[in-house]
Amino acid sequence: MIAVRSLIPALVVLSLASPGTAAETPEAAALAVLASEAGVHEKARACQQLAVVGGPAAVPALAALLGHEHLADYARSGLEAIQDPAAGAALRKALRGLNGRLLAGAVNSLGVRREIAAVPDLQGLALDSKRGVASEALASLGMIGTGEAAKTLQKVLTDGPADLRIPAAHASLTAAAQLAKDGNRVAARELLDSVVRTLPPGVLPAAAQRQAAALRANPAPAVPK
């Protein structure tokens, strides 16, 4: 059983192509492996190669593995790396049919991609205790770090279940950094203030205070006239 994704050197991955396929592109060779009766290890390496050379044509084959017990992690790594919007759309579509750790993995991949189109899906999962991935959804909202994502984090901080306030606070620190980077410093400060107001004194409120102080000490650069 494959428990974690491993890093396979590119030269090893390229050995997937069989003799006589010199004219075949690396993407086509990897896709051929996924469509074959090859074993789990060979298909895992093919997914890893698609994370490097894959494009829109690789998305359906990778998406088909998102429910696979042993290959889902590898398929998600491929989709995380493919910049085409189809990869994000495939992950979003998969949310409806996945459960448990496979659902949590897809949620995480959307955050890694900063898939802004997934914010409504993640907001729903963050507020739905029955799906069991609220913490993961909050973390991904933090990674995406848009104003809409921040609203959900604030809602959970102020009105959400007590067991989600710590995950929401962690996500809020990440989101505030992204908001500030994107120029939305007001929303960043509001989010950090929410962490300080809603949590008892401790590590996370102290971190929020330091982050807010850094924002105040480094005002946004003036816009050139």
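The values are calculated or read from the model by the stated rules, or taken from the named source; none is laboratory data. This is a predicted model, so every value here is computed, not measured. Every residue, glycine as well, gets a Cβ built from its backbone with ideal geometry; the counts of neighbours run over all protein chains shown. Side chains are part of the model used for accessible areas, which takes the heavy atoms of the whole protein and leaves out ligands, DNA and RNA. Shrake-Rupley method; radii C 1.70, N 1.55, O 1.52, S 1.80 Å.
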### Summary
Along the dipole axis of region 37-106 (charges at Cβ: +1 for Lys and Arg, -1 for Asp and Glu; origin at the Cα centre), the most positive-end residue among Ala57, Ala90, Val40 is Ala90
### Query
Could you give the angle, 0 to 90 degrees to the nearest 10, between helix 203-217's Cα long axis and the longest principal axis of the Cα atoms of the chain?
80 degrees
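Return a whole-number percent for the relative contact order of region 101-225, with Cα pairs under 8 Å and 6 or more residues apart as the contact set. Before the final figure, lay out the partial values.
Numbers: 171 pairs, mean separation 23.2, N = 125.
Contact order relative to length: 19 percent.
Quickly rank 198-204, 29-35, 160-166 as a protection proxy: mean count of other C-beta atoms within 10 Å, highest first.
Working: 198-204: 13.0, 29-35: 20.6, 160-166: 14.6.
Highest to lowest by the protection proxy: 29-35, 160-166, 198-204.
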### Relative contact order computed over region 71-131 (Cα-Cα under 8 Å; 6+ residues apart), in percent
35 percent
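Using unit Cβ charges (K, R positive; D, E negative) and no other charged atoms, how large, in debye to the nearest 20, is the dipole of region 43-105 about its Cα centre? Display every interim value, and only then the final one.
Working: 7 positive and 4 negative charges, 28 e Å.
Its charge dipole is roughly 140 debye.
Sort Val186, Val59 by heavy-atom solvent-accessible area, probe 1.4 angstrom, most to least.
On the way: Val186 85, Val59 10 Å².
Largest accessible area first, the list is Val186, Val59.
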### Query
Excluding ligands and nucleic acids, what accessible area in Å² is computed for His41 using a 1.4 Å probe, to the nearest 10?
120 Å²
### Task
Report in % the part of the accessible area of region 92-225 that belongs to carbon and sulfur, leaving out ligands and nucleic acids; probe 1.4 Å.
56 percent
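Rounded to the nearest 0.05, what FRET efficiency is calculated for Ala28 and Ser129 with R0 set to 45 Å and r the Cβ-Cβ distance? Can you show the working numbers first?
Numbers: r = 44 Å, r/R0 = 0.98.
Computed FRET efficiency for Ala28 and Ser129 comes out at 0.55.
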#### Entry: Solvent exposure, largest accessible area first (probe 1.4 Å, DNA, RNA and ligands not counted), of Lys130, Lys43
Lys130, Lys43
### Message
For the chain, take the longest principal axis of its alpha carbons; what is the angle in degrees between that and the long axis of helix 40-53, to the nearest 10 within 0 to 90?
### Response
60 degrees
### Task
Please give the helix 72-81 orientation as an angle from the longest Cα principal axis of the chain, in degrees from 0 to 90, rounded to the nearest 10.
70 degrees
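Per residue, how big is the convex hull of region 113-192 when only Cα atoms are used? Give it in Å³.
72 Å³
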### Message
Taking a ≥ b ≥ c as the square roots of the Cα gyration tensor eigenvalues, with a/c under 1.5 meaning rounded and otherwise prolate when a/b beats b/c, else oblate, which class fits the chain?
### Response
prolate
### Task
Kindly report the accessible area of region 29-73 per residue (heavy atoms of protein chains, probe 1.4 Å, no ligands, DNA or RNA), in Å².
42 Å²
### Query
Can you count the Lys pairs in region 47-196 with C-alpha separation below 22 Å, eight or more apart or on different chains?
4
### Task
Please work out the average accessible area per residue across region 105-173, using the 1.4 Å probe convention, and give it in Å².
40 Å²
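Which value, in debye to the nearest 20, describes the size of the charge dipole of the chain about its Cα centre when Lys and Arg Cβ atoms bear +1, Asp and Glu Cβ atoms bear -1, and nothing else is charged? The partial results should precede the final answer.
Numbers: 22 positive and 18 negative charges, 163 e Å.
Result for the chain is approximately 780 debye, rounded to the nearest 20.
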### Task
Mind checking which of Ala117, Ala106, Val133 is farthest towards the positive end of region 81-157's charge dipole, using Cβ charges of +1 (Lys, Arg) and -1 (Asp, Glu) about the Cα centre?
Val133
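Cα gyration tensor of region 71-127, axes a ≥ b ≥ c as square roots of the eigenvalues: rounded (a/c below 1.5), prolate (a/b > b/c) or oblate?
Numbers: a/c = 1.81, a/b = 1.14, b/c = 1.59.
Oblate, since a/c reaches 1.5 and b/c is not below a/b.
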### Task
Would you calculate, for the chain, the mean residue ellipticity at 222 nm contributed by helices, counting each DSSP H stretch of 4 or more residues as -39,500 (n - 2.57) and dividing by all residues, to the nearest 500?
-19500 deg cm²/dmol
